[in-house]
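Working notes, beginning with the structure itself.
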Amino acid sequence: MIDRQKVVLVDEHDNEVGIEDKLEAHKNGGKLHRAFSIFVFNSKGETMLQKRAEGKYHSAGKWSNTCCSHPAPGEAVMEAAHRRLKEEMGFDCSMQEKFSFIYKADVGNGLTEWEYDHVIFGKYEGKPNINKEEASAYKWVSLDSLKKDVEEHPENYTPWLRICLDRVIEEFEKGD
């Protein structure tokens, strides 16, 4: 059974070093833990963003990539990615990990995200069926317009999206 209230603590090489309660891993400056960020693209080269639901424990109401979460203990990153994309956005698609990075960011409410983040690209043409407990809205945007809006209004976006966007654009432009 998947324990969604726990995260996998890792070292700077993504080696598991422990398990922690999700909320506790984000308190007191945070503990480095495994995460993933999915960017789904359509054939026009647009990426699907989600607006995080107002009830989220951090970064509520901010625009973010298509889906982001943490693998549960014992769950592979890609397995978790497919599970969470279905749970949050109501669809699944082919996906491939493109890169990973570590970041640390204050996300408000006394919480810190300190993540070893696996960045995953997917392809999809349809409409999502969003879970309103996870996301309040979605939109397709070009990477150019996203970059411009993030530069002009960074406060509207999650920290991890702002931090990895240039690398996402670079990897997208490389193609498959």
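The values are calculated or read from the model by the stated rules, or taken from the named source; none is laboratory data. The shown structure was predicted, so the numbers you read here are calculated from the model rather than taken from an experiment. Using ideal geometry, Cβ is built from the backbone for each residue, glycine included, and neighbour counts are taken over all protein chains shown.
The residue that is farthest from GLU113 (Cα to Cα), among those in region 28-58 that are in a strand (DSSP E or B) and either among the hydrophobic types (A, V, I, L, M, F, W, C) or without any contact (Cβ under 8 Å) to a residue 40 or more places away in the chain (or both), is PHE41. Consider TYR103 carefully, then state whether it is in contact with a helix residue (DSSP H, G or I) (Cβ under 6 Å, 6 or more places away or on another chain) and either assigned to a strand (DSSP E or B) or within 21 Å of ILE19 (Cβ to Cβ) (or both). Taking the combined requirement at face value, the residue satisfies it. Just the residues that are crowded, with 20+ Cβ neighbours inside 10 Å and among the charged types (D, E, K, R), please, taken from region 38-55. Scanning region 38-55 gives a single hit, ARG52. If you check LEU23, LEU9 for being over 20 Å from ASP144 (Cα atoms), at pLDDT 95 or above and surrounded by fewer than 20 Cβ atoms within 10 Å (Cβ to Cβ), only one passes: LEU9.
Residue by residue, here is whether (1) at positive phi; (2) surrounded by fewer than 20 Cβ atoms within 10 Å (Cβ to Cβ); (3) of a type in the set (Asp, Glu) holds:
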| residue | (1), (2), (3) |
| --- | --- |
| ASP14 | yes, yes, yes |
| TYR57 | no, yes, no |
| ALA60 | no, yes, no |
| CYS67 | no, no, no |
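The set of residues from region 26-37 being surrounded by fewer than 18 Cβ atoms within 10 Å (Cβ to Cβ) and under 22 Å from GLU134 (Cα atoms) comprises just one member, LYS27.
Take ILE102 and decide whether it is closer than 22 Å to GLY45 by Cα and under 14 Å from the mean Cα position of the chain (by Cα). Explain how you work it out, then say what you get.
Values: closer than 22 Å to GLY45 by Cα: no; under 14 Å from the mean Cα position of the chain (by Cα): yes.
Spelling it out, it is not the case that ILE102 is closer than 22 Å to GLY45 by Cα and under 14 Å from the mean Cα position of the chain (by Cα).
Of the residues making up region 69-100, those that are surrounded by 19 or more Cβ atoms within 10 Å (Cβ to Cβ), of a type in the set (Gly, Ala, Ser) and assigned to a loop (DSSP other than H, G, I, E, B) number 1.
Contact annotation: residue pairs with Cβ atoms under 8 Å, 6 or more positions apart or on different chains, pairing a residue in region 13-27 that is among the small types (Gly, Ala, Ser) with a partner that is outside any strand (DSSP E or B), are ALA25/LYS31.
Count of region 139-176 residues, restricted to those that are farther than 17 Å from GLY122 by Cα and assigned to a helix (DSSP H, G or I), is 17.
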